[in-house]
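Down below is the structure, laid out as structure tokens.
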Amino acid sequence: MTKSGNRHGRWMTTELAWSWWRLQPARALSCWFRQRFGSGGKRLRRMGIVAVARKLLMALWRLLETGVIPAGAVLKEG
């Protein structure tokens, strides 16, 4: 997720992280973001969402590889 990497990939992961934060507000990762970066300014929240994106990518990769659901995530049936 460095600036020398794929621009579209970075954009997509940060959008995924913002969506996770909005749609799963009571989950562990969203709560961590809110506690750590919620009271900061716009720049600090943007930096924080990149950290959430990295953690979320690792959790989703773990889901694909081992089937372990991210902490507190709710999967939709059907």
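The values are calculated or read from the model by the stated rules, or taken from the named source; none is laboratory data. Please read all numbers here as calculations on a predicted model, not as lab measurements. Cβ sites come from the backbone with ideal geometry, for glycine too, and all protein chains shown count toward neighbours. We work out accessible area using only protein heavy atoms, side chains counted, and drop any ligands, DNA or RNA first. Shrake-Rupley method; radii C 1.70, N 1.55, O 1.52, S 1.80 Å.
At-a-glance table
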{"read-out": "Pairs where the first residue, in segment 23-45, is assigned to a helix (DSSP H, G or I) and the second is loosely packed, with under 10 Cβ neighbours inside 10 Å and of a type outside the set (Gly, Ala, Ser), C-beta under 9 Å, 6+ apart", "value": "30/22"}
{"read-out": "Yes/no for residue 75 being at pLDDT 90 or above and loosely packed, with under 12 Cβ neighbours inside 10 Å", "value": "no"}
{"read-out": "Residue satisfying condition, being modelled with pLDDT of 85 or more, more than 10 Å from the chain's Cα centre (by Cα) and on the phi > 0 side of the Ramachandran plot, within set 9, 67, 41", "value": "67"}
{"read-out": "Residue satisfying condition, being in contact with a Ser or Thr (Cβ under 9 Å, 6 or more places away or on another chain), modelled with pLDDT of 90 or more and open to solvent by less than 50 Å² (accessible area, probe 1.4 Å), within set 17, 53", "value": "53"}
{"read-out": "Which listed residue is under 12 Å from the mean Cα position of the chain (by Cα), of a type in the set (Lys, Arg) and either open to solvent by less than 70 Å² (accessible area, probe 1.4 Å) or modelled with pLDDT of 90 or more (or both), from 62, 27, 22", "value": "27"}
